[in-house]
Amino acid sequence: MTDSSHENVPSRQRRRFPGISSRAYEHPADRSALVALRKLSGFDTVFKALSGLLPERSLRLLFLSDSVRVSDAQFAHLNGMLRDACYILDLEKVPAMYVTQDPKPNAMCIGLDEPIIVVTTGLVELLDEEEMRAVVGHEVGHALSGHAVYRTVLLFLTGLAMKVAWIPLGNVAIMAIVTALREWFRKSELSADRAGLLVGQDIKASMRGLMKIAGGNHLHEMNVDAFLEQAEEYEAGGDLRDSVLKILNVLPRSHPFTTVRAAELKKWAESRDYQRIIDGHYPRRSEDKDTSVTDSFRESASHYAESVRTSKDPLMKLVGDIAGGAGDLGGKLRDKFTGGSPGGPGRPENNGGPTG
């Protein structure tokens, strides 16, 4: 990690956020988990102890020896974007950044003591400058939030689970932790998408980048509105069987589905919260120590309650019915799974005569 003098400034005028706390852009579920972890006595000590077991040194040596380190001499345009992102989010030190040969578009921020950012050649070749700027901002957001530590633990435990897969109980225990970390990390990706928007300050570029990650470099064949309609159809379509399949599909993933990310980011970009940050009204890092864990959990619980209330997903609507005390839940559950309705094949209509 090298000191950042912030000599480079953004190539076009963008707002800067001095002293911004990662709480400003963190997804409520992500934020409450991080605040709770940071408040735990001895939490840092435990992770320092884990660093002796985690292959961080090996990863650093691997990227140093077999990838290209971004600098003024190598991938200078990426180096400029990295410095811009750190300047805008007021990250005091610029993380080391590497480009690694891999045709699959991907990027990550890992490390315990010092975060490092890695982007693949597939991603560099796929995205234009403004789209890439949002991705770099996304990874800098991970660094500012402290996500790199937990991502490194997740990578380590995922690898460990594969090695001990032949031990039934051991694998089950590790996979339970991995599953929980993946659920948190999917929320952290939504946080980092917001950080990428704060850095790029171009929602169209952010949308284009997500579409390209989903469909490749064929923008002339794609449409943002149609892409977002897919997210709407994904959430609202089908019955309870589809809801269960959605859960099963997402469990092994570290990232949310791309259409879902696009819809979530667009919703946040149009919110009052985003506008307040742009206007300079946001929590500062100097206030982080005074953050209430209770308030963060309350905000997270409120977010989930609102998500359930407004969701069009069949399972979430059923959960809302249960929470609201709706009657005949057995019948509702049967109808949802069979696709039936009063008078339909899933549930015969009672016309006043005997039903038995």
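All of the numbers you see were taken from the coordinates with simple rules; none came from a lab. Bear in mind that the values here come from a model prediction, so they are computed numbers and not experimental data. Cβ placement follows ideal geometry from the backbone for every residue including glycine, while neighbour counts extend to all protein chains displayed.
Between GLU221 and ASP72, what is 0.36 nm times their sequence separation minus the Cα-Cα distance? Round to one decimal in nm. Walk me through the numbers on the way to the answer.
Numbers: separation 149, 0.36 × 149 = 53.64 nm, distance 3.54 nm.
Full extension from GLU221 to ASP72 adds 50.1 nm.
If amide H atoms are built 1.01 Å from N in the plane of the peptide, which residues on other chains or at least 5 residues away come under 5 Å of the amide H of TYR98?
Residues meeting the amide H criterion: VAL70, ILE117, VAL118, VAL119.
Just rank GLU189, GLU129, GLU235, fewest to most, by other beta-carbon atoms within 10 angstrom.
Values: GLU189 21, GLU129 13, GLU235 18.
Going from least to most buried by this count: GLU129, GLU235, GLU189.
Using 26 Å as the Cα-Cα cut-off, could you pick out the over-long pairs in LYS266/LYS289; LYS187/LYS267; LYS104/LYS267; LYS93/LYS266; LYS104/LYS187; LYS93/LYS212? Before the final figure, lay out the partial values.
Numbers: LYS266/LYS289 31 Å; LYS187/LYS267 15 Å; LYS104/LYS267 28 Å; LYS93/LYS266 30 Å; LYS104/LYS187 22 Å; LYS93/LYS212 30 Å.
With Cα atoms farther than 26 Å apart: LYS266/LYS289; LYS104/LYS267; LYS93/LYS266; LYS93/LYS212.
I need the peptides 74-83, 211-220 ranked by packing, meaning the mean over residues of other C-beta atoms within 10 angstrom, with the highest value on top. Mind showing how you got there, number by number?
On the way: 74-83: 19.1, 211-220: 14.6.
Listed from highest to lowest mean packing, they are 74-83, 211-220.
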